[in-house]
Amino acid sequence: MLVLGVCSLKGGVGKTSVTLGLASAALERGLRTLVVDLDPQGDSTLALATAPAAGDVAGVLETPSADTLAAATSPSAWAEAGLDVLVGSAASARHDARDGDDLDRLRFALAWVHDYDLVLVDCPPSLGGLTRTGLTACDRAVVVTEPGLFSVTAVGRAMRTIDDLRRGPAAQLQPLGVVVNRVRARSVEQAFRLEELRGLYGPLVLTPFVPERAALQQAQGAAQPVHAWPGAGARELAGAFDDLLDRALRAPRT
């Protein structure tokens, strides 16, 4: 079972969209997948059309156990089977202040997870305790950005956070790389920022880039996987997420 963290230290770059795209790709190839919605905004839970659950991720972090995990896990309406959600909650924000305290709570809870091929952890767009807790539970992590000045600057902070965790409570954690989202082919400014990213992070800048296409927002608004959405834009996005998922699944793990 691969546990893959999706993080960003800047809001609005499409971190949850990338999580949902990877979930769509996993569903398409028949991988049993659990999405852990650690973002207090709960956007993954909403977009995956998750059925109500008796618990939520805040309760799991408060008391990690097989029972709290089962109570907080609910199926997504994207498919009849094979895609579940550890339900997000605004109450999880109280765990953000626990920076450096009990960072292994999610990892401990996921020790009871045996029925999945892939776990996707949608982290909040911050450097607090929730993001560190999420990444501590992961084998690999991707940093989502878009080709803009402030977003590129935030990548460095995220990479340093991953490195700090590797040297501390998450020795198994490895950076998979940087996912560049919302790329426009004819933007001169974006082309400059993409070259800047390549100069800074080399092969850690993952390809293909995720293009900016209206189909992604349309599919999410309809609570549908992008692989099921019609049109050339959706097919292009689906191909990009397929390739990124392949990269994650091929990566060696310690």
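Any read-out appearing in this document is the output of simple, stated calculations on the displayed coordinates, not a laboratory observation. What you see is a predicted model; the values in this text were computed from it and never measured. Note: ideal-geometry Cβ built from the backbone for every residue, glycine included; neighbour counts use all protein chains shown.
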### Query
How high is the FRET efficiency from GLU195 to SER65, r the C-beta distance, R0 35 Å, rounded to 0.05?
0.10
### Message
What does the extension gain come out to for ARG184 and ALA54, with contour length at 0.36 nm per residue minus their alpha carbon separation?
### Response
42.6 nm
### Task
Give the percent of DSSP beta bridges with both residues in the chain that are antiparallel, rounded to the nearest 5.
15
### Query
When every alpha-carbon pair in the stretch 96-153 is counted, what percent end up more than 15 Å apart?
55
## Note on the structure
With 0.36 nm assigned to each residue of separation and the Cα-Cα distance removed, THR153 to ASP246 gains 30.8 nm
### Message
When only alpha-carbon atoms are used, what values of Rg and Dmax, in angstrom, describe the chain?
### Response
16.8, 52
### Summary
Among trypsin sites (Lys or Arg not before Pro) in the stretch 159-214, those in a DSSP loop whose Cβ has at most 11 other Cβ atoms within 10 Å are ARG167, ARG186
### Summary
Computed over the chain, the relative contact order (Cα-Cα under 8 Å, seq sep at least six) in percent reads 25
### ALA81 versus GLN218: modelled label distance in nm, points set 7 Å from Cα along the beta carbon direction
3.2
### Task
Counting other beta carbons within 10 Å of each Cβ, put ASP102, ASP96 in order, fewest first.
ASP102, ASP96
## Note on the structure
Here the cysteines of the chain without any disulfide-compatible Cβ partner under 4.7 Å are CYS138
### Query
When the dipole is taken about the Cα centre of the chain, and only Lys, Arg (+1) and Asp, Glu (-1) are charged at their Cβ, what size is it in debye, to the nearest 20?
700
### Query
Once the dipole of the chain is set up with Lys and Arg at +1 and Asp and Glu at -1 on Cβ about the Cα centre, which of PHE108, LEU135, PRO175 lies farthest towards its positive end?
PRO175
### Message
Using a Gaussian network model on the chain with a 10 Å cutoff between Cα atoms, which of LEU237, LEU200, LEU103 fluctuates the most?
### Response
LEU200
